Amino acid sequence: MKKAVEEVTDYYTKKILENTRYSGKNKKNQKIISCSQIGSEPQQVLLAYKYGVIEQNDIGQNTIGTLVHKGLEHSFIKEANIHTEYSMEMLLKNGWILSGTADRIDLNNDVIVDTKVTKTYTIDMIKKEPMHQYRLQLNGLRILAEYWYKKPFKMLLEIFNKQGGYDVRSGETIPDLTYIEVEKIDDDIVLSNINDLIQFIENGVEQKCSDVWLRKVKGDIIPLRCLKYCSYNKVCKFYNPQPKTIIKGW
Ligand code: SF4
């Protein structure tokens, strides 16, 4: 090899990061709420509003999700009646804009498809909970699509399971790909979820997320979400990177 392996892999990593970076609206203080924020912790939505989208500098779960989405976009790109990565907007009564990007809008079958890359536990939760965050988000996209195309749409969650495959312990094969048909949630319920988030942002009073995923890791109880799954932890006043002190404070 002409170059040192480290130099080559650094180059690959940089290219992957460049091509999977968030490309939506990312400026701060814009009165835009996205369907993907429905069901999120209000504190995270408020920080996204105050600071804009914080760029990711390491390969993470989002990178893998984006790579899957890019592959799917490529798979359907030649189909005239299937729109991929289709961005839509709608002005709400309070002057905010509801935005959303549908992974796939299939005009042959009038279906909106939202793709997720997740784990078995989340798939079970989606199946169990009629108001699961992913169901609400997809209904937000449905409201936008119906406004945009002036016709009703059915909804499908297309879920890739990172834990799919043959499970040696149970002897079962866990599907790598699952489809869940999502029922319509009343527009008023979806819009009231969105309005609650907007009101929280407009009040501007920060408050610790209600579920920071307290988990025991190597004997310490840590708020896993704050430490590992929150791109706003550097700007959030509730972030405390010292697991041992967190036990007392949290
Ligand atoms: S650092 Fe923790 S409390 Fe603050 S926004 Fe992130 S997850 Fe919520």
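The table that follows gives values for the structure above.
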{"quantity": "Positive-end residue, the chain charge dipole about Cα centroid, Cβ charges, pick of Pro130, Asn94, Leu47", "calculated": "Leu47"}
{"quantity": "Highest-MSF residue in the chain out of Asp110, Asp176, Asp124 [GNM, Cα springs under 10 Å]", "calculated": "Asp124"}
{"quantity": "All Cα pairs of the range 27-170, percent lying beyond 20 Å", "calculated": "55 percent"}
{"quantity": "Length-normalised contact order for the range 5-207 - Cα pairs under 8 Å, 6+ apart - percent", "calculated": "20 percent"}
{"quantity": "Percent of beta bridges antiparallel (DSSP, the chain, rounded to nearest 5)", "calculated": "70 percent"}
{"quantity": "Ranked His83, His74, criterion: other C-beta atoms within 10 Å, fewest first", "calculated": "His74, His83"}
{"quantity": "Full-stretch length increase - Leu214, Ser170 - with 0.36 nm per residue and alpha-carbon distance subtracted", "calculated": "13.1 nm"}
{"quantity": "Cross-link reach list, lysines versus Lys116, counting only Cα pairs under 20 Å and skipping chain neighbours closer than eight places", "calculated": "Lys70, Lys127, Lys128, Lys154, Lys162, Lys184, Lys228"}
{"quantity": "The chain, Cα convex hull volume normalised per residue, Å³", "calculated": "184 Å³"}
{"quantity": "Relative contact order, percent, the range 57-126 [alpha-carbon distance under 8 Å, six or more residues apart]", "calculated": "23 percent"}
{"quantity": "Residue among Gly171, Gly65, Gly140 with the largest mean-square fluctuation in a Gaussian network model of the chain, springs linking Cα atoms under 10 Å", "calculated": "Gly171"}
{"quantity": "Residue order, fewest to most beta carbons within 10 Å, for Lys228, Lys116", "calculated": "Lys228, Lys116"}
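We did not get these values from a lab; they are worked out from the coordinates using the rules stated. Owing to the predicted nature of the structure, the values given are computational and were not obtained by experimental measurement. Virtual Cβ from ideal backbone geometry, glycine too; neighbours counted across all protein chains shown.
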